[in-house]
Amino acid sequence: MVKGVITRLIIGLVGLVLIGILIFAFRDAFLTKSDASDLLANQHIELINKFELLKSESSSALSDYSRMIEMKISSADNRRISSAIRQSAWFNTKGKDAFSFFPHYVGPIRNQYVVTNYAVGKTLYRDIFFVSDTGYSTNFTRVEVCNDTLRYRQVVE
């Protein structure tokens, strides 16, 4: 009797471990539209109309994590988001990319968000950089909009 209980416990534990491994291996397939909307809401971007998830990728190493989501959005959402980025107080037209804006922020910027919005060609970008209070953990998030396609990229170190 005890042997049967132990066998069932071992089988149950192995099953749970296998389920955990499968979920981790295929975590990108489990991304929902609600999850994508929540990630964008953190960037002050709201999708009002229906959208289609085209691609979701993530990777992690010892202490790094990155995620990329690509979605097809409506023309109305594209126009609204593009307008919000262009009219933002942080919109900058002087540089060609994020590196044109961030170097002068190097230094003690802990627990602060550095936000910049800019355009390169037809593509609009919203970049957000955050350094934690310890100075060791950084979070870089980029939202780019072009031709009814929205891409969300996040790197956490």
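The values are calculated or read from the model by the stated rules, or taken from the named source; none is laboratory data. In this text, all values refer to a predicted model and were calculated from it rather than measured experimentally. Backbone-built Cβ (ideal geometry, glycine too); neighbour counts: all protein chains shown.
Has the range 105-117 got at least one residue that is assigned to a loop (DSSP other than H, G, I, E, B), touching a helix residue (DSSP H, G or I) at 6+ places or on another chain (Cβ under 8 Å), modelled with pLDDT of 80 or more and under 20 Å from residue 154 (Cβ atoms)? No: zero hits. Restricting to the range 43-62, name every residue that is without any contact (Cβ under 8 Å) to a residue 40 or more places away in the chain and under 11 Å from the mean Cα position of the chain (by Cα). The answer is 56, 57, 58.
This table checks each residue for (1) modelled with pLDDT of 85 or more; (2) aliphatic (A, V, I, L, M).
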residue: 81; (1), (2): yes, yes
residue: 85; (1), (2): yes, yes
residue: 99; (1), (2): no, no
residue: 131; (1), (2): no, yes
residue: 136; (1), (2): no, no
residue: 157; (1), (2): no, no
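Restricting attention to the range 44-53, does a residue exist that is of a type outside the set (Ser, Thr, Tyr), in a strand (DSSP E or B) and either at pLDDT 90 or above or surrounded by 13 or more Cβ atoms within 10 Å (Cβ to Cβ) (or both)?
Start the filter on the range 44-53 by keeping residues that are of a type outside the set (Ser, Thr, Tyr), which leaves 44-53.
Subset that is in a strand (DSSP E or B): 52-53.
Right, trim to either at pLDDT 90 or above or surrounded by 13 or more Cβ atoms within 10 Å (Cβ to Cβ) (or both) and you get 53.
Among the residues of the range 44-53, at least one is of a type outside the set (Ser, Thr, Tyr), in a strand (DSSP E or B) and either at pLDDT 90 or above or surrounded by 13 or more Cβ atoms within 10 Å (Cβ to Cβ) (or both), which makes the answer yes.
Mind checking which residues of the range 54-81 are surrounded by fewer than 16 Cβ atoms within 10 Å (Cβ to Cβ), in a helix (DSSP H, G or I) and of a type outside the set (D, E, K, R)?
Step one: filter the range 54-81 for residues surrounded by fewer than 16 Cβ atoms within 10 Å (Cβ to Cβ), giving 54-55, 57-66, 72, 74-76, 79.
Keeping just the survivors that are in a helix (DSSP H, G or I) gives 75-76, 79.
Selection gives 75, 76.
Pairs are defined by a Cβ separation below 6 Å, a sequence spacing of at least 6 or placement on different chains, a first member in the range 137-157 that is in contact (Cβ under 8 Å) with a residue 40 or more places away in the chain, and a second member that is of a type in the set (Gly, Ala, Ser) and in a strand (DSSP E or B); the pairs so defined are 155/66.
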